[in-house]
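Structure first, commentary second.
Every read-out reported here was derived from the displayed coordinates using simple, explicitly stated rules and does not represent laboratory data. Because the structure is predicted, anything quoted here is derived from the model rather than measured. Counting neighbours? That spans all protein chains shown, and the Cβs are built from the backbone with ideal geometry, glycine included.
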Amino acid sequence: MSAAHPPAEHPHTSTGLDNAKLAMWAFLGSECLFFGSFISTYLLYRNVTGDGPTSADLYDIPYTSISSFVLLMSSLTMVLALSSVQNGDRRAMRIWLMATAFLGLTFIGGQVFEFTTFVEEGLTLSTSAFGSSFFVLTGFHGAHVTIGILMLLGLTVMSSFGRLGPDDSRPVELVGLYWHFVDIVWIVIFTVIYLIPSG
Amino acid sequence: MATAVAPQQGGLFARPTAKTGWWSWMTTVDHKKIGILYGVTAFFFFIVGGVEALLIRSQLATPNGEVLSPAVYNQLFTMHGLTMIFFVVMPMGTALMNFLLPLMIGARDVAFPRLNAFSYWVFLSAGLFMYSAFLLGGAPDGGWFGYAPLSLDPVTDGMTYYSLGLQIAGIASLAGAINFIVTIINMRAPGMTLMRMPVFVWMTLITSFLLLFAVPVIGVALWELMFDRLFGANFFDPAAGADPLLWQHLFWLFGHPEVYIMILPAMGIVSEVLPAFSRKPLFGYPAIVFSGAAIAFMGWGVWAHHMFAAGLGPVANSAFALSTMFIAVPTGVKIFNWIGTIWGGSVRLTTPFLFSAGFVSMFIIGGLSGVTHSIVPHDAQQTDTYYVVGHLHYVLFGGSIFGLFSGIYYWWPKVFGRLLSEKIGKFHFLLMLVGFNLTFMPFHILGLLGMPRRQYYFPANRGFEVWNLLASIGAFTIAVSILVFLYNVAVSRKKGEAAGADPWDARTLEWMTTSPPPEHNFDAIPVVRHRDDFWYRKYITTPEGESARVFAGGAASDEEQHSSEAASDEPPSSSAEGASDREPNTAGAAPPESSSEERPHAGASAEEQGHGIHLPSPSYFPLLTAAGMPVIGYGFIYSPILLAAGAVMLLVGAFGWVLEPPAEEA
């Protein structure tokens, strides 16, 4: 611990990290393998399009870039929410939490629109192995964002129950870790799926 | 439903308070009770999986057997494998981990007691969900590895149950792994450094990391299988251009670490039992620990040896053949450690020792036949024959099950306070050892003779008869040995000898507390100064290098040269250590060592202190949340209404979990 402390009689038997935070990091480590496996599946199948449309026919990179930008900005509002609760400004925290949830919801809306467009252009889950791997990978990412939104709303509810404050900011921090992770995964997915051309 | 039980605390989310009765087991968050629940449930599934094995062996006792129809046979061998792996060996290890881990590292409980209860209930729901398929049109029938596209066969819903049931079981494993990792990393007693931890704790840590990274991989494979089966996706259908190797790669990338997930806890048990009964420290502790870690790392680079017959090409085959040979090295290191531990010791041939010795010897046979599989041409010859079945039973039965029984006999007195009969126990061991070898040794010969596995019958006049008959006799011998064990349990429950705190004169912290341990584990959190700390509290080394008993008993008194001021006088103020998973100030925030000096010395007796220890209250929500999972599973198969109902249970459970009052108000 601190240098002022007399030489410790016992060596450290704890990391000094908060238990719940350590658990969240472990869980996110596990999630890396989860998305990694889906991304591998996609890479295996990205050219297996059969008679269906290919990625070049479908992807609208400017559109997806904008929705990606929206999602990345939600990480900024998440940071502001945590900073507000740590400074004791619960009203600002609620505003930033809602802003984060709103940006996440915008991203999900964009994904729903994108999926609808792709289905109209002839790519469904059953069209080809490419279709299956695209929809399931991005769908699971969308599901993660949705769970994140539910947790953000849960935080807002907790706050109205009188919870969360400068001494009780850990739940916000944990949800923040999860939210940033989901954003980072999207950077990988966006790069691997949309930006690297197939062919 | 449950909220009305404890009205005195008021509120929608009042926590249950029952300490006894079945309701207390439903809501418990005590790691010891959860450990017992895990153990009893796993043993129940062990009986079920064993009955399946007996049916299989009845069918195969004679040529052209007619006991089972082919369809039923397929379901039985699939469910036998799934049961023994996911609902017996893994949870039986988890049972011991749950009960022992906090005791061994000197903690009050695991890091997240409610998450721990959640893991158990999810595991139970997964098992019941999977078995309900028998009643709902047919159990999984595509082998425990569920090779796609074979598992896409739409005749029954069996493999859909497989994809969902294993997914649910995986959630239980994942939650348990995270819980154990945090507990071990953050909640060790003062002085319990990593390299002073019992090897069983080390193996728990390594196993948990393997689970953490292996479960999501099979999770993805199972999701893809489910999307193929239910929603017409094309992950595995070769007709749509999909690659049938994808399933094999994903499955075995999980499947091989899974092998070590099953064997490492048993290795940890053996590493506790052998030193205790050889009256020597474990030979080469660091080598055992690091070879365990090396096995876990290398375990990620050998999966394709399950696929040598799949046509990966000579380069991939050679690479995986080499890595498979290399992984035998750290495994061999452990064998020599165990032999070195016994060598020159004052060996006491107790039942736990015998099972551990059985583990080591049977595992050597299984390990050697495993090395033969690393030779690609040999493996190509043996793939899908009984030789492989023989090998895997030597490592999973001869290895894991023998190791687990060793642990059961060793820790039984700690868990229930009464000893099991040594006489009956030794008979059990002898019968099981004979029955085991009688069953599985012939499998090697059958495999070399060319008998394929997963066939519901074998033809006459191929030289298979006598070996199959021997194997069937052996299987029933094993069954008798299990009955002997159950008889032993019954005798012990009725009139077993009281165990006392330390019946084996053992070395690790769990033997310092009473048997069975009190709810708060230790009246005072012990301060650890040595590896095998409890031994050094009981014995001193004389100038001649001999061990001599310290007369004061468990706690070293001040006169002894080993004495340590507050060894057993630590006040229980450290009890707050992370006992509740919603306390902001858990162990991490206040490491025990930083405050141990300032703690006041308590003069009161330890018993009195025990009552002031704050423990987390029971909770309904782990059970409710877990019960939502199989409902969602049925929803995927049968109806969106069930899906919604399950989702609501999950959400209500999760919100109740977060919003129920903290434990200290109870």
Taking N as the residue count of the protein assembly as shown, its alpha carbon Rg divided by 2.2 N^0.38 Å gives 0.97
With label points set 7 Å from each Cα along the Cα-to-Cβ direction at B:LEU349 and A:PHE113, the distance between them in nm comes to 8.0
Across peptide B:216-225, how many C-beta atoms of other chains are within 10 Å of each residue C-beta, on average?
5
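With charges only on Cβ, +1 for K and R and -1 for D and E, what is the dipole size of the protein assembly as shown about its Cα centre, in debye, rounded to 20?
1600
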Full-stretch length increase - B:VAL480, B:VAL434 - with 0.36 nm per residue and alpha-carbon distance subtracted:
15.4 nm
Kirkwood hydrodynamic radius, computed over distinct alpha-carbon pairs, for region B:621-665: how many Å, to one decimal?
10.8
For region B:31-495, the Cα gyration tensor yields equivalent-ellipsoid semi-axes (√(5λ), largest first, whole Å) of 33, 26, 23
Distance between region A:49-102 and region B:463-525 - C-alpha centres, whole angstrom
55
Label point distance in nm, A:THR106-A:THR54, each placed 7 Å from Cα along Cα→Cβ:
3.4
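Filter chain B for me: DSSP H helices, axial length by Cα at least 27 angstrom, mean Kyte-Doolittle hydropathy not below 0.0. List them by residue number.
Both cut-offs are met by B:31-59, B:113-135, B:158-186, B:199-231, B:245-278, B:314-342, B:351-373, B:422-449, B:465-495, B:640-659.
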In the neighbourhood of B:HIS306 defined by beta carbon distances under 13 Å, the net charge of the other residues (Lys, Arg +1; Asp, Glu -1) is -3
Across peptide B:242-250, what mean number of C-beta atoms from other chains lies inside 10 Å of a residue's C-beta?
3
Would you grab the residues whose amide H sits under 5 Å from the one on B:TYR539? Only those 5+ places off in sequence or on another chain, please, with H modelled 1.01 Å from N.
B:VAL550
How big is the gap, in Å, between the Cα center of region B:36-81 and the Cα center of region B:257-287?
30
Considering every residue in A:20-28, what mean count of other chain Cβ atoms within 10 Å of its Cβ is obtained?
6
Nearest 10 degrees is fine. How inclined is helix A:129-160 to the longest principal axis of chain A, computing both from alpha carbons?
30
First measure r as the distance between the Cβ atoms of B:LEU150 and B:ALA548, then evaluate 1/(1 + (r/R0)^6) with R0 = 45 Å and state the FRET efficiency to the nearest 0.05.
0.10
Suppose R0 equals 56 Å. What FRET efficiency, 1/(1 + (r/R0)^6) with r the Cβ-Cβ distance, do B:PHE336 and B:TYR457 give to the nearest 0.05?
0.80
Nearest 10 degrees is fine. How inclined is helix A:90-120 to the longest principal axis of chain A, computing both from alpha carbons?
10
Using the alpha carbon gyration tensor of region A:44-126, what are the three equivalent-ellipsoid semi-axes (square root of 5 times each eigenvalue), largest first, in whole Å?
37, 11, 9
Using alpha carbons only, how many angstrom separate the centre of region B:378-442 from the centre of region B:85-148?
20
